[in-house]
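The values are calculated or read from the model by the stated rules, or taken from the named source; none is laboratory data. As the structure is a computational prediction, the values presented were derived from the model and not from experiment. We place every Cβ from the backbone using ideal geometry, glycine too, and count neighbours over all the protein chains shown. The protein model used for the area step is the full one, side chains on, heavy atoms only, and it has no ligands, DNA or RNA in it. Shrake-Rupley method; radii C 1.70, N 1.55, O 1.52, S 1.80 Å.
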Amino acid sequence: MNKLLVLKTISDFKKYRSTLTGSVGFVPTMGALHAGHASLMQQSRTENAHTILSLFVNPTQFNDAKDLEKYPRTFEADLEIATENGVSAILCPDFNEMYPDEYTYSVMEKSFSKKLCGASRPGHFDGVLTVVMKLFNIVEPHKAYFGEKDYQQLQLIKNMVSAFFMPVEICAVKTLRENSGLALSSRNIRLSGEGKQKAALIYKAITESKTTEQAKTFLADHGFQVDYLEDIENRRFVAAFLEGIRLIDNVAK
Ligand code: PAF
């Protein structure tokens, strides 16, 4: 197995990047890696000479300080998963490295980013788009991999790349699910055993209910606080709280 490089500064990363020849695949993450992230790394590995992962819990995309504080951090386990999945290097900068401007500059999308997750998490997608643009400028990947679980994020990133003529191909990877239907997410670690079983009802609700109203009622009857549950174009999107944890999912209709 190749030795995994862990690079904490942008200047060290750039030195390393300048030595690479061949295509670079990039998997941006906030850590707490699971099989869903592993599937992104595997796809990158089959399509590129090098796979680079970033691990940065990006404060500007958290509108709730408590949510940021509670975000799972599992660095040692993350290194193992990255090594097992053929990652060549991990970029894990701190806030000062990523935001020398202290977030005075940002990327903002004015339409779709205000809906669904953006409606209940003001500023969330500004933070996501800003950090992803910064990461693309540092990493200079040929291809970047994002999961369909965060479908709104995926669409916004695709559209940003197209709006700013950025030279990177955005690759979508299917949502990985537990046998129960629960979409894999870093947030699932915070659920109790019972909560994890119950959380599978989110998938049942969005796939089996005829209307969004029926799906919302079903979830509320099972103790979820539904944030939104909407059909947009050919997809059904949901965000719901269980045990105080915000879970999201979406399916094609
Ligand atoms: O999906 C995530 O983990 C994050 O939103 C991302 C894309 C790494 C940006 O911080």
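What the table shows:
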| item | result |
| --- | --- |
| Sites Asp64 and Lys115 - FRET efficiency at Förster radius 22 Å, r taken between beta-carbons, to 0.05 | 0.70 |
| Accessible area in the full protein assembly, largest first, 1.4 Å probe, for Lys66, Lys143, Lys210 | Lys210, Lys66, Lys143 |
| Angle between the chain longest axis and helix 212-221 axis [Cα atoms, degrees, rounded to 10] | 80 |
| Placed amide H near Ser54: partners under 5 Å, 5+ positions off or other chain | Val27, Thr29, Leu91 |
| Distance in nm between pseudo-label sites at Ala252 and Ala220 (7 Å out along the Cβ direction from Cα) | 3.2 |
| Rg(Cα)/(2.2 N^0.38 Å) for the chain, N = residue count | 1.01 |
| At 0.890 mPa s and 25 °C, Stokes D of the stretch 39-135 from Kirkwood alpha-carbon radius, µm² per second | 162 |
| Linear extension gain, Tyr228 paired with Ser162, 0.36 nm per residue minus alpha-carbon span | 21.0 nm |
| Accessible surface of the chain, 1.4 Å probe, proportion on carbon and sulfur as whole % | 51 |
| Calculated FRET value between Gln197 and Asp12, using beta carbons and R₀ = 30 Å, to 0.05 | 0.10 |
| Between 0 and 90°, nearest 10: helix 35-47 axis offset from the chain longest Cα axis | 40 |
| Cross-link table Lys66/Lys158; Lys3/Lys158; Lys8/Lys158; Lys115/Lys253; Lys149/Lys198; Lys14/Lys70, entries beyond 25 Å C-alpha to C-alpha | Lys66/Lys158; Lys3/Lys158; Lys8/Lys158; Lys14/Lys70 |
| Computed FRET value (nearest 0.05) for Met108 with Thr83, which takes r as the C-beta separation and R₀ as 45 Å | 0.75 |
| Solvent-accessible heavy-atom area per residue, rounded to whole Å², over the chain at 1.4 Å | 49 |
